[in-house]
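Below is one structure; the comments refer to it alone.
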Amino acid sequence: MSKGEIVSGCIAPHPPHLVYAANPPQNEPRSSGAGAWQALHDGYQKLQKSLDSKDFDVLIVHTPHWKTRVGHHLLGVPQFSGLSVDPIFPNLFRFNFDLEVDVELAEKICSAAQQRGLEMHMMRNPDFRVDYGTITSCHLAHPQWDKQIVCISSGSTHSDYSNESGELEMLALGEATREAVEKSGKRAVLLASTSLSHRHFTSEPADPEDPEHEYIYNSNQSAWDEHVLGLIRDGKCQQILDEMPDFIEQSISECKEGALTWLLGALGVPDYPAKVYGYGTVIGTGNAVVEWRGPKQ
Amino acid sequence: MSVVLGFVAPSRPQLLLAAERNDGWQRLHDSFADARQQLADSGAELLLIYSTQWHSIIGHQMQADSNPRWSKVDDDFHDLGTINYDLKIDTDFADSYCEAAQKRGLAARTVNYHGFPVDTGSLVVAQLLNPDNRIPIGIVSCNVYADRGETLVLGKAARDAIEASGKKVAVAASTSLSNRMYTKAIDPQNDKIYSQKDDEWNRKLLELLEEGRLEDVSQLARQFATEAHGEQRMKAMWWLAAVMGETNNYNGKLFGYEAVYGTGQALLSLCPQHSSSQLFEYDEDSSETYQGDRDILSK
């Protein structure tokens, strides 16, 4: 068996608004097409095109919307289908999904992370409802749904202990993910399903897609987002990690759920620039679609 | 009519799916029998649940599907099994509560969608306190950004809707007390409150509640949340205090207090009484309306 590899690592944010705006047949609500999130839509189109040009077997997604406190969990059932209704934006996201899980790879990641001392669990209950973050990021990055997925929950070490403790765990989980991929012989695309700054407005306009009501929550949030995107463009990922606890605290960043640090850990903390395909806000939060080629060599 | 009974109620799936695995879980599960009897004796025609595990961002959401039917698997404790549910919702009350909240300036909406995921905390209370849908229920979400002022207004709006309904209503706050949880798998037999400090804070809170001092607990919620990792900053106590009238005039009855995976879980009732033996003070304002946040810091 040849050595597996990570062929791409992406920031793939999961606002259900972006699926809603695209009006795919799987989603029940229909959007107005008013275009509030066009920059992110365009960014995802570029990411889709890039991934379509790559040969890969599996999407591995780390999702903030499957929150676990007893360690990190992975889906361990081969197939899920059904209706996913977003509990926060049910008016926008009621998505009929049908997905296959690469349980063998999930088990390898689970094992590799356990060997690094992390608390890990496989989720074997077939009635489990896959979270909307996973579905959204997978659909937006690769809407064909022709690849198996691996889904990793968001452990709560940042919240239960400290940002610093959480960061160490997520780096270790990323390294375990890379090791498992390499041992599996599979070609994997990694999706960090996360926003950057993450303060929402708590009211919604009559047309949720009305561009007039879509802007960053405040200038502090956009300043942090621009700073982090600058580091991404400059290939300064170690600096991102160094500043991550401050970024999390000062911009209420969703990176507190660990997805970006997991991704950077899996990629070996890249020292080369990533492609930023798009940046935009969704109900006040900052979101970027980003791709790194595989791990640092 | 108004609120005839209030509950502080536990929220963890172990109580519904695996009580037999730990003596304390079983005791707390069994204590619901007395609470169910008190609920029946109260003559309540509706049970309104505020759940700290139903998170919302766009204001406040009221369940308005007359018959939510689905299955729920807990994010952490999926190995315990599946909670199948078939609930009876008072949709007229949901509409009325939503309108009352909007009149007080809150962003609020009803949700009525097939397949909408009802949260574990709501289901634990609904199925243990009101099995077989003996009376219809209402469920309201917990906005993750709402602080004390907004949550008090949400509670007052519930009181508006209850008074307008003409019904006898019981209310329940589904919440943990201390919310530090074991982050590694444990043998259920070894379960205990995560720390002695958490246990002491829980017992102090319950002592006040047993004396009927709900408003005092509401005033202490911030400190408790800081000291004992109260679930969702203990905003359930703000809501409960507001919907029940912001006084200390209750008869408190503790049915059970136990550890579930390190967290503090209690079942306790508060029955309104007319005379007050306690003096108390308001340390903070109690807002009547909410002004919103969209244009405060933006642009």
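As an equivalent ellipsoid, the stretch A:123-186 spans semi-axes of 24, 18, 12 angstrom, where each value is the square root of five times an eigenvalue of the C-alpha gyration tensor, largest first. What's the whole-number percent of alpha carbon pairs in the protein assembly as shown lying beyond 47 angstrom? Pairs farther apart than 47 Å: 12 percent.
In this structure the stretch B:3-272 gives 32 Å² per residue of accessible area when probed at 1.4 Å with all protein chains present.
Mind listing, in residue-number order, the residues in the stretch B:128-161 that have at least 30 Å² less accessible area with every protein chain present than in their own chain alone (1.4 Å probe)? Buried by 30 Å² or more upon assembly, which counts only protein chains, are B:145. The Kirkwood radius of the stretch A:195-284, taken over pairs of alpha-carbon atoms, gives through the Stokes-Einstein law at 37 °C and 0.692 mPa s a diffusion coefficient of 235 µm² s⁻¹. When only alpha carbons are used to place a centre, the stretch A:166-187 and the stretch B:110-135 end up 39 Å from one another. Residue A:68 sits with roughly 0 Å² accessible to a 1.4 Å probe, with DNA, RNA and ligands left out of the calculation. Using the Cβ-Cβ distance between residue B:196 and residue A:168 with R0 set to 25 Å, the FRET efficiency works out to roughly 0.35. Could you run the Debye sum over the Cα atoms of the stretch A:5-293, one equal point scatterer each and no solvent, and tell me log10 of I(q)/I(0) at q = 0.07, 0.09, 0.11 Å⁻¹, two decimals? Rounded to two decimals, the profile gives -0.22, -0.37, -0.57.
Arrange the residues A:233, B:159, B:21 by how much accessible surface each exposes, largest first, with a 1.4 angstrom probe. Display every interim value, and only then the final one.
On the way: A:233 120, B:159 65, B:21 95 Å².
Greatest to least solvent exposure: A:233, B:21, B:159.
The heavy atoms of residue A:160 offer some 30 square angstrom of accessible surface to a 1.4 angstrom probe.
The simple spin-label model puts a point 7 Å past each Cα toward its Cβ; for residue B:20 and residue B:186 those points are separated by 2.2 nm. About its Cα centre, the dipole of the stretch A:5-293 is roughly 500 debye, where the only charges are +1 on Lys and Arg Cβ and -1 on Asp and Glu Cβ.
How well do other chains shield peptide A:130-143, expressed as the mean number of their Cβ atoms within 10 Å of each residue Cβ? Intermediate values should be presented prior to the final figure.
On the way: counts 0, 2, 1, 0, 0, 0, 0, 0, 0, 0, 0, 0, 0, 0.
Mean inter-chain Cβ contacts per residue within 10 Å come to 0.
Placing unit charges on the Cβ atoms of the charged side chains and taking the dipole of the stretch A:23-146 about its Cα centre, the candidate lying farthest along the positive direction among A:60, A:87, A:125 is A:87. Of the whole protein surface, residue B:200 contributes about 100 Å² of accessible area at a 1.4 Å probe radius. Between residue A:1 and residue B:226, the modelled labels are 5.3 nm apart [label points 7 Å from Cα along Cα→Cβ]. The lysines within cross-link reach of residue A:3, meaning a Cα-to-Cα straight distance under 20 Å and a gap of 8 or more places when in the same chain, are A:54, A:108, A:147, A:183, A:186, A:296.
Pairing chains A and B buries close to 3700 square angstrom of accessible surface in total, based on protein heavy atoms and a 1.4 angstrom probe. Heavy-atom accessible area with a 1.4 Å probe sorts B:144, B:3, largest first, into B:144, B:3.
Of all the options A:152, A:88, A:240, the one that moves most in a Gaussian network model of chain A with Cα springs shorter than 10 angstrom is A:88. With the cut-off at 1.5 for a/c, could you classify the stretch B:201-244 from its C-alpha gyration tensor as rounded, prolate or oblate? Taking the square roots of the gyration eigenvalues as a ≥ b ≥ c, the stretch B:201-244 is oblate. From the alpha carbon centroid of the stretch A:279-297 to that of the stretch A:227-272 is 11 Å. Take each peptide in A:253-265, B:261-273, A:117-129, A:10-22, count the other Cβ atoms within 10 Å of every residue, and average; sorted highest first, the result is A:253-265, A:10-22, B:261-273, A:117-129. Derived scalar couplings between HN and Hα for the stretch A:151-157 equal 10, 10, 6, 9, x, 10, 4 Hz in order, rounded to whole Hz, by the Karplus curve 6.51 cos²θ - 1.76 cosθ + 1.60 (θ = phi - 60°), x for Gly and Pro. For the pair residue A:49 and residue A:238, the difference between a 0.36 nm per residue extended length and the Cα-Cα distance amounts to 65.2 nm. For residue B:192, the lysines whose Cα falls under 21 Å of its own Cα, not counting residues fewer than eight places away in the same chain, are B:184, B:204.
Here the alpha carbons of the stretch B:3-272 define both size measures, Rg and Dmax, at 16.9, 49 Å. About its Cα centre, the stretch A:103-167 has a charge dipole of approximately 200 debye under the convention of +1 per Lys or Arg Cβ and -1 per Asp or Glu Cβ, with nothing else charged. Run the accessible area of the stretch B:167-259 with a 1.4 Å probe and give the carbon-and-sulfur part as a rounded percent. Here it works out to 44 percent.
Taking a ≥ b ≥ c as the square roots of the eigenvalues of the Cα gyration tensor, the stretch B:1-131 is classed as oblate, since a/c reaches at least 1.5 and a/b does not exceed b/c.
Leaving out ligands, DNA and RNA, what percent of the accessible area of chain A is carbon and sulfur, probe 1.4 Å?
On the way: 4670 of 10130 Å².
Accessible surface attributable to carbon and sulfur in chain A totals 46 percent.
Per-residue shielding of B:111-117, expressed as the average number of other chain Cβ atoms within 10 Å of the residue Cβ, stands at 6. Separation of the stretch B:164-179 and the stretch A:51-84, taken as the distance between their Cα centroids, equals 36 angstrom.
Which of rounded, prolate, oblate describes the stretch A:237-297, given a ≥ b ≥ c as roots of the alpha-carbon gyration tensor eigenvalues and a/c under 1.5 marking rounded, otherwise prolate only if a/b is larger than b/c?
On the way: a/c = 2.26, a/b = 1.32, b/c = 1.71.
Oblate is the answer for the stretch A:237-297, as a/c is 1.5 or above yet b/c matches or exceeds a/b.
The values are calculated or read from the model by the stated rules, or taken from the named source; none is laboratory data. Given the structure is predicted, the values throughout are model-derived calculations rather than measurements. Note that we place each Cβ from the backbone using ideal geometry, even for glycine, and neighbour counts take in every protein chain shown. Just the protein is used for accessible areas: all its heavy atoms, side chains included, with ligands, DNA and RNA removed. Shrake-Rupley method; radii C 1.70, N 1.55, O 1.52, S 1.80 Å.
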